[in-house]
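I have placed the structure first, in the form of structure tokens, so that the comments after it can refer back to it.
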Amino acid sequence: MSVRLEKTIIAGWLICQLLTVAAIAQNRTPGGNIKGTVTDRETHAALVGANVLLTGTGNGASTDADGNFVILDVPAGNYTLQFSYLGYEPFAQTDVIVKPGRSTFVDASLKISAVSAAEVTVSGGYFSQNDNQPVSSTGFSAEEIRRAPGSAGDVSRILMSLPAVAKVNDQSNSLIVRGGSPTENAFFVDNIEIPNINHFPTQGSSGGPIGLLNVDFIESVNFAAGGFSAAHGNRLSSVMEIEFREGNRDGLEAQLDLNFAGFGGIAEGPLPGNRGSWLLSVRRSFLDLLVDALDAGTDIAPRYGDVQGKLVFDINPSHQLQLLSITGDDHSESDLETARDNDMLAFGTQDYLENTGGINWRAIWGGHGYSNTSLAFTANRWEEDYRETVSDAQIVQNRSQENVAKFRNINYLRLSPKHALEFGIDAKYFFNDYRNVYGDYTDVLGNPVPGATLDSDFSAQSVGGFLSYVAKPAAKLTATLGVRTDYFSVGEQVQLSPRLALDYQLSERTSFSFATGVYRQQLPLLMLAQNPQLHDLDSPEATHFVFGTKYLLTENTRLSLEFYQKNYRHFPVDPTQPGLFLVDELYYGYGFFLNHSTVAGNAKALSRGVELLIQKKLVEKVYGLASASYFTSRYQNPGENWRNRVFDNRFTFSVEGGFKPNNRWEFSLRWIYAGGAPYTPFDLTTSRAQRRGVLDANRINTAQYPDYHSLNVRFDRRFLLQHTNIIFYLSVWNAYNRKNVAQYFWNATENAPDAISQWTLLPIFGLEVEF
């Protein structure tokens, strides 16, 4: 056992003992309350008289005329709530945590049943889906997100256990979905699009190293890995929809958080007159202390912080305003000596500021439907200066400001029990400012590239609209036919994107689904500003085909099997790098887009695979998730052979689960095994002559890194005091200290290839105090 792990375990044991003594010293802990609302999933209308049962107890309630319910004086602990209503599918919400002297809020939406009441014998309602997203969709509750091993409170890392997400590098939480790249994913929080949900985001991409969102704000997450509806445009691979919870309407509450990465706090409470609530979070890192104490494989100590808030105001029972603000502030600095000591290709300073703020109006139109209408603004500021480690030459001076004002409207209208429409529009106005200097550099193939200056006020507009028709022509069949039209002012492009989804409920246990559609995405605005030649090219496009089946093994365990294919086209190409896939430059180069003087179009790509997922909800002390996938992801530039994309690690296998013997203790683990991702070997002769890494243009992505595998373990200890709830957790990443390779680089000192390892064994603890 390493010294740092031993010290962390001892410290954790001492903290647990002290908190246990404090808990024993308290009198009987008071009970808590459970409150919430039950609504129709399609129209969001309140369901009057719905039954709510606290499983394992005699307690329950029925909803009132506004769909509200309350269960009083529930002993502190972990429960499952069962919801039922005549003509609707039952629904079960697991992981309902009742805390001493506090109210827990649980909202449920029920779906009209596709099978008769006589057939409802197996399902307990632990799994649910939307009619317009029958394939490739997975949801997580707030508690499932909080406790996930190996996530460190990062919602993106939680998804690494899913078969649709490839595992590439511990240092990044970038989502590689079904052979795509991190540039291809969209994120929405309360109907407002967030360009990137990470600290230190990669410009032009959705990836980054550290999550920005506070998971204690999250009520639910729904992740669609393909075949998503016409409501979403301008993304090729995936959509993540996140709902932030409301603040406590019963009284003021606070929470203090402390962990190895930083500290923070949450405050929440009601608005005057109980017409709404507010929720505020402030966090700040102290990673410099973590790096010094643990020798975690790097001397770099980035500093970052964030402020997040949500305010809800009830205009009346049917109309509500939601104000949202998310701000991140990031700083990192490394010098030449640090870069050489840590095998970095580049070094320098990075200062980044991001903010998204907006308002969403939620309107419920009786029992017929609802609308969500948002108006928001996002501002991003980059100040970066990077130099090449091997030569100390300037790579880039980045002074970018990217701003976008955006409007989004989504409407749902139930025409009859068998027919419905979903429709809406979205619009964006981009106004960016680029004052960038690119130094002379040698590209990865050894070609000299002259320097360039980007001095541009770049603006653009986009407008999109969609219409989806949902029909139930038979009792067990649901069909969704959709179409979207998008206009983008760069190149004056007007694009039509049809979508189709089918879902057949063979029985209560078994369903089959199919989805197909055309998906398009604008190139990153920085690339468009750098290269006017790109303005006349078609935007990248992907056609999805997904077929899947779901089978309930038990009422709380489900098996899902899916087959998919994605046909890509219209990707840009740099003729001076004919074998490289340009949009993957972020991941085979320095980590950012460089200038390219000549760009053409019409590269294509292909991804196909099969995925298996078995998910068990927390019932009777045990929960778990097991997944496996096999896939290929390839590309072809004009006149070139098909090649592997940089994230094509072919197969992944993941097991995640936990054991909760009582309301105080919880033990969990996650083990991931994945094939090695492709890489391009060095041209040894040229590299030695130039004393820098030069890739072999004849062997692009023909070699593979060693297979990846890692074990993360975690335990949680909950202390229920008189008026305080305390959670202490200890997690160990890479528990058996596997030396996974992050990348190969050219060691200038040795003038030979060398390897950079991913994270070694890393213990992490945290303390959450709610009062």
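The values are calculated or read from the model by the stated rules, or taken from the named source; none is laboratory data. Just so we're clear, the structure is a prediction, and the values are computed from it rather than from any experiment. In this analysis, Cβ positions are derived from the backbone assuming ideal geometry, glycine residues included, and neighbour counts consider all displayed protein chains.
Collect the residues in the range 150-168 that are touching a helix residue (DSSP H, G or I) at 6+ places or on another chain (Cβ under 9 Å) and either under 16 Å from residue 213 (Cβ atoms) or modelled with pLDDT under 85 (or both), keeping them in residue-number order. 150, 151, 153, 154, 155, 158, 167, 168, listed by residue number. Scanning the range 250-285 for residues that are under 22 Å from residue 318 (Cα atoms) and either assigned to a strand (DSSP E or B) or touching a residue at least 60 places away in the same chain (Cβ under 8 Å) (or both) gives 250, 269, 270, 276, 277, 278, 279.
Residues of the range 63-109 that are acidic (Asp, Glu), part of a strand (DSSP E or B) and within 28 Å of the chain's Cα centre (by Cα): 95 alone. Cβ-Cβ distances below 7 Å connect the following pairs, each with a first residue in the range 336-362 that is within 30 Å of residue 409 (Cβ to Cβ), a second residue that is acidic (Asp, Glu), and a separation of six or more residues or different chains: 353/329; 360/190. Taking the range 507-542 as the range and being farther than 30 Å from residue 458 by Cα and part of a strand (DSSP E or B) as the test, the residues that pass are 510, 511, 512, 513, 514, 515, 516, 517.
Okay, residues lined up against (1) among the aromatic types (Phe, Trp, Tyr); (2) over 17 Å from residue 612 (Cα atoms); (3) in the same structural domain as residue 538 (by TED's automatic domain parsing); (4) not in a loop (DSSP other than H, G, I, E, B):
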residue	(1), (2), (3), (4)
552	no, no, yes, yes
565	no, no, yes, yes
569	no, yes, yes, yes
572	no, yes, yes, yes
578	no, yes, yes, no
585	no, yes, yes, yes
596	no, yes, yes, no
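Which residue out of 471, 452 is over 29 Å from residue 207 (Cβ atoms), of a type outside the set (Lys, Arg), in contact (Cβ under 8 Å) with a residue 24 or more places away in the chain and assigned by TED's automatic domain parsing to the domain that holds residue 745? Sole residue among the options that is over 29 Å from residue 207 (Cβ atoms), of a type outside the set (Lys, Arg), in contact (Cβ under 8 Å) with a residue 24 or more places away in the chain and assigned by TED's automatic domain parsing to the domain that holds residue 745: 471.
Residue-by-condition table, conditions (1) of a type in the set (Ser, Thr, Tyr); (2) farther than 20 Å from residue 656 by Cα; (3) not assigned by TED's automatic domain parsing to the domain that holds residue 168:
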{"position": "720", "(1), (2), (3)": "no, yes, no"}
{"position": "724", "(1), (2), (3)": "yes, yes, no"}
{"position": "732", "(1), (2), (3)": "no, no, no"}
{"position": "753", "(1), (2), (3)": "no, yes, no"}
{"position": "765", "(1), (2), (3)": "no, no, no"}
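For the range 427-442, what are the residues that are more than 30 Å from residue 691 (Cα to Cα) and of a type in the set (Gly, Ala, Ser)? Answer for the range 427-442, where residues must be more than 30 Å from residue 691 (Cα to Cα) and of a type in the set (Gly, Ala, Ser): just 427. What are the pairs with Cβ atoms under 8 angstrom where one residue, in the range 612-623, is not assigned by TED's automatic domain parsing to the domain that holds residue 559 and the other, located anywhere, is modelled with pLDDT of 95 or more and in a strand (DSSP E or B)? Sequence gap at least six, or different chains. Here the result reads none, with nothing in the range 612-623 linked to a residue that is modelled with pLDDT of 95 or more and in a strand (DSSP E or B).
The selection criterion, being buried (at least 21 other Cβ atoms within 10 Å of the Cβ) and hydrophobic (A, V, I, L, M, F, W, C), holds for residue 396. If the condition is being without any contact (Cβ under 8 Å) to a residue 24 or more places away in the chain and assigned to a strand (DSSP E or B), then the range 484-493 contributes only 485.
Among the residues of the range 401-421, the ones that are part of a strand (DSSP E or B) and over 25 Å from the mean Cα position of the chain (by Cα) come to 8 in all.
When residue 590 is tested against (1) within 21 Å of residue 701 (Cα to Cα); (2) assigned to a strand (DSSP E or B); (3) out of contact with any helix residue (DSSP H, G or I) (no Cβ under 9 Å at 6 or more places or on another chain); (4) of a type outside the set (S, T, N, Q), just one condition goes unmet, and that condition is (2). Within the range 494-507, residues that are free of Cβ contacts under 8 Å to residues at least 12 places away in the same chain sit with their Cβ atoms under 7 Å from residues that are surrounded by fewer than 16 Cβ atoms within 10 Å (Cβ to Cβ) and of a type outside the set (Gly, Ala, Ser), at 6+ positions apart or across chains, in these pairs: 494/487.
Residue 445 - would you say it is within 30 Å of residue 416 (Cβ to Cβ), hydrophobic (A, V, I, L, M, F, W, C) and not in a strand (DSSP E or B)? The answer is no for residue 445. Does residue 603 satisfy being touching a residue at least 60 places away in the same chain (Cβ under 8 Å) and surrounded by 20 or more Cβ atoms within 10 Å (Cβ to Cβ)? Judged against the criteria, residue 603 is not a match.
Yes/no matrix, rows are residues, columns are (1) in a strand (DSSP E or B); (2) within 20 Å of residue 270 (Cβ to Cβ):
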residue	(1), (2)
305	yes, no
309	yes, yes
313	yes, yes
321	yes, yes
331	yes, no
339	no, no
347	yes, no
353	yes, no
371	yes, no
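Among the residues making up the range 720-763, those that are in a loop (DSSP other than H, G, I, E, B) and within 22 Å of residue 691 (Cα to Cα) are 748, 749, 750, 751. Flag not set for residue 535, criterion: at positive phi and assigned by TED's automatic domain parsing to the domain that holds residue 487.
If you check 555, 585, 611 for being out of contact with any Ser or Thr (no Cβ under 9 Å at 6 or more places or on another chain) and buried (at least 19 other Cβ atoms within 10 Å of the Cβ), only one passes: 585. Taken together, the residues in the range 558-578 that are at negative phi and buried (at least 17 other Cβ atoms within 10 Å of the Cβ) amount to 12.
Of the residues making up the range 206-233, those that are part of a loop (DSSP other than H, G, I, E, B) and under 13 Å from the mean Cα position of the chain (by Cα) number 8.
Among the residues of the range 566-591, just one is over 15 Å from residue 636 (Cβ atoms) and among the polar types (S, T, N, Q), namely 576.
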